[in-house]
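Report on one structure; see the data block that follows.
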Amino acid sequence: RVDGVNGRFGAFDRNERVSPGPSLSGSRRDTGLVGARRDTGRRAALMAFHDRLAALRFLDPACGCGNFLIIAYRELRTLEMALLREIHAGIIDRMDRLTGGSAELNVATLSKLNVDHFYGIEIEEFPARIAEVALWMMDHI
C-alpha cells in the first residue's frame, strides 16, 4: 500500500482482501494465449497479436526510478519471446534437424517491442536518469 500523503510504502493488512486480477506470472504465461489454438489460423492469429503488442505504448506519469516500466518491459518481452517461439516453431524444428539440434533464431531481427515504447514522467532528474539506465540495462543484459 502506498501512503498518498508522504509517498512511503507500507504493508498490507492481514484482514484486507485484494483481488489478484489478470496476471502474466507463473504458469498462466505458458498456458494462456500461446497454448490455446492448434488450428490452421493459429499462426496468423499469433502474428496479429504480435503486431498489436508492438503497437502498444506505455506511460508512467509518476515513474520515479522506473520500477513499473522495467517490470512491464520485462514481462512483455517474456510474452513476446513465447510468441516468437510459437510463431517460428516449425522453422526452428526444421533448422534443428538440419543442424543437429543447435538451431537459433536471431531474436533481435524478429522482435518488435523495444524500450522506445515506454515513457515516464518524473519531476526530479536523478530518478529519471536511474529509470533510463535501468531500462537500458533490461534491454541489453
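The values are calculated or read from the model by the stated rules, or taken from the named source; none is laboratory data. Bear in mind the structure is a predicted one, so any value in this text is a computation, not a measurement. We place every Cβ from the backbone using ideal geometry, glycine too, and count neighbours over all the protein chains shown.
List of remarks:
- Residue list for the range 91-106, filter: exposed (fewer than 13 other Cβ atoms within 10 Å of the Cβ), of a type outside the set (Lys, Arg) and in a helix (DSSP H, G or I): Ile91, Asp93, Leu98, Thr99
- Candidates Ile130, Ile123 - the one that is assigned to a helix (DSSP H, G or I) and either farther than 26 Å from Ala45 by Cα or free of Cβ contacts under 8 Å to residues at least 40 places away in the same chain (or both): Ile130
- Filtered residues of the range 107-123 (kept if modelled with pLDDT of 85 or more and surrounded by 10 or more Cβ atoms within 10 Å (Cβ to Cβ)): Leu110, Ser111, Lys112, Leu113, Asn114, Val115, His117, Phe118, Tyr119, Gly120, Ile121, Glu122
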